[in-house]
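Bear in mind that the values in this text are calculations on the coordinates, not laboratory data. It should be emphasised that the depicted structure is a prediction, and the values quoted were computed from it without experimental measurement. All Cβ positions, even for glycine, are placed from backbone atoms using ideal geometry, and neighbour counts span all protein chains on display.
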Amino acid sequence: MADFQMPHSGHERHLCFLHNIGMVKDKLEEYKKLVKDGKYVCKGCGRVAADEKHLCAPEKL
């Protein structure tokens, strides 16, 4: 995985990436904190987050 490139800066904290690496399964309580009282929706994947920094293409709800 050393050669793996993120698609853009900050992607390692985006919900789509966190979901893909198993955060929902392994750390559900932490994931829930990121989505509780969601204020933004990702135009790419449809996930909702409280802070836009956790989405690739955020748009305010």
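Things to note:
- Only residues that are surrounded by 11 or more Cβ atoms within 10 Å (Cβ to Cβ) and in a loop (DSSP other than H, G, I, E, B) were counted in the range 22-61, giving 12.
- Any hit, the range 11-21, residues being out of contact with any His (no Cβ under 9 Å at 6 or more places or on another chain), assigned to a helix (DSSP H, G or I) and surrounded by 15 or more Cβ atoms within 10 Å (Cβ to Cβ): yes
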